[in-house]
Amino acid sequence: MKSVVITGAGSGIGRATALAFARQNYHVFLLGRDSRKLRITHLECGDATSIVCDLTRAEEVANAARQILSTNKNVEIIINNAGTFTYKPFEQQTDEEWTAQFQIHILGAVRLTKALWPSFVQNKKGSIVNVSSTLGIRPTAGTGAYSAMKAAQVSWTQSLALEGAPHGIRVNCVAAGIVDTPIHPPGAILQMQNAQPLGRVGRPDEIAQSIYFLASEHSAWTTGAILHVDGGINLL
Ligand SMILES: NC(=O)c1ccc[n+]([C@@H]2O[C@H](COP(=O)([O-])OP(=O)(O)OC[C@H]3O[C@@H](n4cnc5c(N)ncnc54)[C@H](OP(=O)(O)O)[C@@H]3O)[C@@H](O)[C@H]2O)c1
């Protein structure tokens, strides 16, 4: 049986991605901070392991990786999806907010990937998908910290793709547009519907399908790709 590790699996895109893999008979390792949310995804997936883990804490990431590797469940895929959004004029953005954005979007993903990387190298096989954003390519005012980290995810994807290729490891990225998930404050999604070229925001399962495509053998000759899944908004 094949296994996948998904961060931020208790809600939104992470939850939808967990369900997409579970439907394809993967064992799903579900990571997140909120055990209640993880339990719900776990019940929906069936064959899964829930691991409560704050990705901003190095020792919690190391423990999670140890737990995953100790199961011998043949992990082949990592989906670095966990994240938080912040919107504020530049002058009000604090060091703490910049640090928090770096820790969740970059350092947490880097630590988890680094811990599982040797097993990918050993198996000469692995696939990683980073969940970035249109804002990582086309930033907007007030999203400096978030957009910079999403841009860093794009760059890291490409660098790691080159490093992983000789080992049979693929690394790709989904640049998601505006998707209806709890990351947005109540009411915000409604306001954004009309600005979308395709006339609506995205659903979590629509991002999950693209993540599944990039992670699986369906894209066996694709690495370093940045796939826009955004209803066309990056074109505006
Ligand atoms: N929705 C959009 O419009 C959109 C657009 C572009 C990109 N994205 C990206 O898509 C990804 C998923 O977001 P979403 O929209 O699905 O939002 P979401 O429903 O709020 O999911 C984010 C997940 O990240 C987890 N998380 C946050 N901080 C964490 C931490 N320190 N340690 C572990 N897990 C943590 C949360 O789990 P816990 O609460 O359990 O910690 C939550 O389940 C994010 O990277 C986001 O930047 C979203």
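The values are calculated or read from the model by the stated rules, or taken from the named source; none is laboratory data. For clarity, every value in this text was computed on a predicted model and none was experimentally measured. Ideal geometry is used to build each Cβ from the backbone, glycine not excepted, and the neighbour counts take in all protein chains shown. Quick note on the areas: whole protein, heavy atoms, side chains included, nothing else; ligands and nucleic acids left out. Shrake-Rupley method; radii C 1.70, N 1.55, O 1.52, S 1.80 Å.
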Checklist line | Cα-based Rg / Dmax (Å) for the chain | finding: 16.8, 50
Item checked: Volume per residue of the C-alpha convex hull in the stretch 168-225, rounded to whole Å³ -> 94
Notebook entry, point to check: Farthest toward the dipole's positive end in the stretch 3-235, which of Thr143, Leu160, Ser132, given Cβ charges of +1 (Lys, Arg) and -1 (Asp, Glu) about the Cα centre?
Noted result: Leu160
Check: Of the accessible area of the stretch 81-236, with the probe set at 1.4 angstrom, what percent is carbon plus sulfur?
Finding: 60
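Once you list every other residue whose beta carbon is under 9 Å from the beta carbon of Asp54, what net charge do they have if Lys and Arg are +1 and Asp and Glu are -1?
Values: positive: Arg33, Arg57; negative: Glu60.
Summing Lys and Arg as +1 and Asp and Glu as -1 gives +1.
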Next item on the list: Excluding Ile189 itself, calculate the net charge of residues whose Cβ lies under 13 Å from the Cβ of Ile189, where each Lys or Arg counts +1 and each Asp or Glu counts -1.
Entry: +1
Next item on the list: Could you give the size of the charge dipole of the stretch 77-236 about its Cα centre, using +1 on the Cβ of each K and R and -1 on the Cβ of each D and E, expressed in debye and rounded to the nearest 20?
Entry: 380
Next item on the list: Please list the helices of the chain that count as membrane-span-like by this rule: a mean Kyte-Doolittle hydropathy of at least -0.5 together with Cα atoms stretching 20 Å or more along the helix axis, each helix being a complete DSSP H run.
Entry: 108-123, 144-164
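Per residue, how much accessible area does the chain have with a 1.4 Å probe, in Å²?
49
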Note to self: From the alpha carbon gyration tensor of the stretch 14-71, can you work out the equivalent ellipsoid semi-axes (sqrt of 5 times each eigenvalue) and give them in Å, largest to smallest?
What the structure shows: 20, 13, 9
Item checked: Per-residue [θ]222 nm for the chain (sum of -39500 (n - 2.57) over DSSP H runs n ≥ 4, rounded to 500) -> -13000 deg cm²/dmol
Next item on the list: Give Lys2/Lys150; Lys37/Lys124; Lys88/Lys150; Lys88/Lys114; Lys73/Lys150 a once-over and call out the pairs whose C-alpha atoms are over 26 Å from each other.
Entry: Lys2/Lys150; Lys37/Lys124; Lys88/Lys114; Lys73/Lys150
Note to self: Rolling a 1.4 angstrom probe over the protein chains, ignoring ligands and nucleic acids, what is the accessible area of Glu44 in square angstrom, nearest 10?
What the structure shows: 90
Notebook entry, point to check: Taking Cα centroids, how far is the stretch 63-91 from the stretch 165-214 in Å?
Noted result: 17
